[in-house]
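Peer 1: Right, I'll just put the structure down here and ask away after.
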Amino acid sequence: MKFTIARESLLKPLQIVSGVVEKRQTLPILSNVLVEVSGGTLTLTGTDLEVEMRVSTALLEGAEEGETTLPARKFVDICRMLPDEAVVEVRVDGDKAVVRSGKSRFTLSTLPSTEFPSVDALGGGLELAVPRGDLKKLIDQTQFCMANQDVRYYLNGLLLEIENNRLRSVATDGHRLALCELESELMVGDKYQVIVPRKGVGELARLLDDSEQSCKLRVNNNHIEVELEGVTFTSKLIDGRFPDYERVVPRGGDKVLVADRESLRQALVRTSILSNEKYRGIRLQIGANLLRAVVNNPEQEEAEEELEVGYQADPIEIGFNVSYLVDALNAVRGDAVEIILTDPNSSCLIKSVGDDTSRYVVMPMRL
């Protein structure tokens, strides 16, 4: 096998596929990237057995077909350190690959491509075209609420729900919840619900942009696949039943606070400096057009902020994890934010004023 390619044509695909390759692997082959040359095209594949990334790019003339696997990190680092205008030549002979560029020469060990695992081909299920910007928004607006290594494994991912005329994403860690829904022109018959694992969500978010261009989305009972120019992302799905999120979203709250999103966010960030490092508790005292935020910590230190807000209901005092509030405010689009409360023991609902597409639920804390 032999191929020649411009450095800039090789580096970006390599970085995309190496993103899914774990640094420490139980199987040596999983530290490698699969390299295939066929019909003047180079195809690179990386996987960790849960997520697979596959990228194709055109080669310069004179390629000899074949396939092998190369150590992902070393190959990426070599290409990254070469000059911008460099041309890279790779030649495989036996169990060694020689990478040349200008006066540089590197010899890498290879492993047989026959050992490289492949994700099962998608069969059956649903196939549709979705604007990339829509899919990216669904992920960006909700992924921060996913659990991390929770024993309730179905929370360690993002619920993607597809039904007629609507796309929805939901994430929760049991203490807070994020929900984003977008109108679409999809007609899919039955409602589809799939849970994409945390790592797959992160890799997919990096691939997408805000454009109106469509990407192909395929889902079945076991996998999700997203295809855009020259790149195919495949991930196993989490097999589990996601909680009934509709029951968690508060309804009928009679205490509505309206504030400038950025002013409120900055006030909470400042007070959080002195919050308890473990519990991150903040007490909100809300009265007529005034919000008072207070935090204490075990060292008997205290921070307090006052902020003018729009609020006409009965006074209320309620505690929250300040990090959860700040995360929600970071995700809200728009200049004005609405926080809907019921009582000190009930969750609050946070959303942008006049926009219900994204909603955030935060459970209260006892302080």
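The values are calculated or read from the model by the stated rules, or taken from the named source; none is laboratory data. None of the values given here were measured: they were computed from a predicted structure. Positions of Cβ are generated from backbone atoms using ideal geometry, with glycine treated the same way; all protein chains shown enter the neighbour counts. Accessible surface areas use protein heavy atoms only, side chains included; no ligands, DNA or RNA. Shrake-Rupley method; radii C 1.70, N 1.55, O 1.52, S 1.80 Å.
Peer 1: Given the options 70, 201, 13, identify the residue whose Cα lies farthest towards the positive end of the charge dipole of the chain (+1 on Cβ of Lys, Arg; -1 on Cβ of Asp, Glu).
Peer 2: 70
Peer 1: Let me ask you something else. Might you work out the accessible area of residue 299 for me, using a 1.4 Å probe with all protein chains in place, and round it to the nearest 10 Å²?
Peer 2: 120 Å²
Peer 1: I've got another one for you. Per residue of segment 193-208, in order, report the coupling 6.51 cos²θ - 1.76 cosθ + 1.60 (Karplus, θ = phi - 60°) as ³J(HN,Hα) in whole Hz, putting x for Gly and Pro.
Peer 2: Per-residue couplings from phi come out as 10, 9, 10, 8, x, 3, 5, x, 4, x, 5, 5, 4, 5, 6, 7 Hz.
Peer 1: Report, to the nearest whole %, how much of the accessible area of the chain belongs to carbon and sulfur atoms, 1.4 Å probe, protein only.
Peer 2: Heavy-atom surface of the chain belonging to carbon and sulfur, 1.4 Å probe: 45 percent.
Peer 1: Which loop GluC sites (Glu not before Pro) in segment 219-279, with loop taken from DSSP, have no more than 11 other Cβ atoms within 10 angstrom of their Cβ?
Peer 2: 229, 277
Peer 1: Could I ask something else about it? Evaluate the charge dipole of the chain about its Cα centre and quote only its size in Debye, nearest 20, assuming +1 on the Cβ of each Lys and Arg and -1 on the Cβ of each Asp and Glu.
Peer 2: It works out to roughly 860 debye.
Peer 1: Apply the Karplus parameterisation 6.51 cos²θ - 1.76 cosθ + 1.60, with θ equal to phi minus 60°, to every residue of segment 9-16 and state each ³J(HN,Hα) to the nearest whole Hz, in sequence, with x for glycine and proline.
Peer 2: 6, 9, 5, 5, x, 4, 5, 5
Peer 1: Now for a different question. Please build a GNM for the chain, connecting alpha carbons under 10 Å apart, and tell me which residue among 289, 156, 221 fluctuates the most.
Peer 2: 289
Peer 1: Mind checking the per residue accessible area of segment 1-140 for me, 1.4 Å probe, whole number of Å²?
Peer 2: Ligands and nucleic acids excluded, the result is 50 Å² per residue.
Peer 1: Still on this structure: Which of 131, 148, 162 sits closest to the plus end of the dipole of segment 79-184, meaning its Cα is farthest towards the positive end, when Lys and Arg get +1 and Asp and Glu get -1 on the C-beta?
Peer 2: Value: 148.
Peer 1: Under the Karplus relation 6.51 cos²θ - 1.76 cosθ + 1.60, θ = phi - 60°, what is the ordered set of whole-Hz ³J(HN,Hα) values for segment 335-352, x standing for Gly and Pro?
Peer 2: 7, 10, 10, 10, 10, 9, 10, 10, 7, x, 9, 10, 4, 9, 10, 10, 7, 6
Peer 1: Now for a different question. Mind checking the dipole of segment 62-208: about its Cα centre, +1 per Lys or Arg Cβ, -1 per Asp or Glu Cβ, Debye to the nearest 20?
Peer 2: The dipole magnitude comes to about 660 debye.
Peer 1: On to the next question. Relative contact order of segment 53-140: what whole-number percent is it, with Cα pairs under 8 angstrom and at least 6 residues apart?
Peer 2: 23 percent
Peer 1: Can you tell which of 120, 327, 140 shows the greatest fluctuation in a Gaussian network model of the chain with Cα springs below 10 Å?
Peer 2: Largest GNM mean-square fluctuation: 120.
Peer 1: How do 100-109, 232-241 rank on mean C-beta neighbours within 10 Å, highest first?
Peer 2: In decreasing order of mean packing, 100-109, 232-241 become 232-241, 100-109.
Peer 1: Can you list the residues of segment 286-317 with backbone N under 18 Å from a point 7 Å past the Cα of residue 345, pointing along Cα to Cβ?
Peer 2: Under 18 Å, as judged by backbone N against the label point of residue 345, lie 316-317 of segment 286-317.
Peer 1: So, with +1 on the Cβ of K and R and -1 on the Cβ of D and E, and no other charges, what is the size of the charge dipole of segment 170-267 about its Cα centre, to the nearest 20 debye?
Peer 2: Result for segment 170-267 is approximately 540 debye, rounded to the nearest 20.
Peer 1: Add -39500 (n - 2.57) for each DSSP H run of 4 or more in the chain, then divide by its residues: what number comes out at 222 nm, to the nearest 500 deg cm²/dmol?
Peer 2: -5000 deg cm²/dmol
Peer 1: Please name whichever of 182, 367, 330 sits farthest to the positive end of the charge dipole of the chain, dipole taken about the Cα centre and charges placed at Cβ: Lys and Arg +1, Asp and Glu -1.
Peer 2: The one lying farthest along the dipole's positive direction is 367.
Peer 1: For an R0 of 35 angstrom, estimate the FRET efficiency from the Cβ-Cβ distance between residue 205 and residue 308 and round to the nearest 0.05.
Peer 2: 0.45
Peer 1: Only one of the listed values, (1) 28; (2) 9; (3) 14, was derived from the coordinates as percent of Cα pairs over 41 Å apart; which label is it?
Peer 2: From the options (1) 28; (2) 9; (3) 14, the structure gives (1).
Peer 1: Largest first, how would 12, 255, 96, 199 line up by accessible area (1.4 Å probe)?
Peer 2: 12, 96, 199, 255
Peer 1: Right, another one. Can you give the FRET efficiency for residue 256 and residue 122, using 1/(1 + (r/R0)^6), R0 = 41 Å, r = Cβ-Cβ distance, to the nearest 0.05?
Peer 2: Once rounded, the FRET efficiency stands at 0.35.
Peer 1: Still on this structure, please answer the following. Given labels modelled 7 Å from the Cα in the Cβ direction, how far is it in nm from residue 129 to residue 56?
Peer 2: Using points 7 Å along Cα→Cβ, the separation is 1.8 nm.
Peer 1: Related question: At residue 107 and residue 300, where each label point lies 7 Å from the Cα along Cα→Cβ, what is the point-to-point distance in nanometres?
Peer 2: 7.0 nm
Peer 1: Hey, another quick one. Efficiency by 1/(1 + (r/R0)^6): what FRET value for residue 246 and residue 222, r their Cβ-Cβ distance, R0 = 25 Å, to the nearest 0.05?
Peer 2: Here the calculated transfer efficiency is 0.45.
Peer 1: Filter 12/74; 136/191; 74/236 down to the pairs with a C-alpha to C-alpha distance above 25 Å, please.
Peer 2: Those over the limit are 74/236.
Peer 1: Now for a separate question. Using Cα-Cα distances under 8 Å and only pairs 6 or more residues apart, what relative contact order does the chain have, in percent?
Peer 2: It comes to 13 percent, rounded to a whole number.
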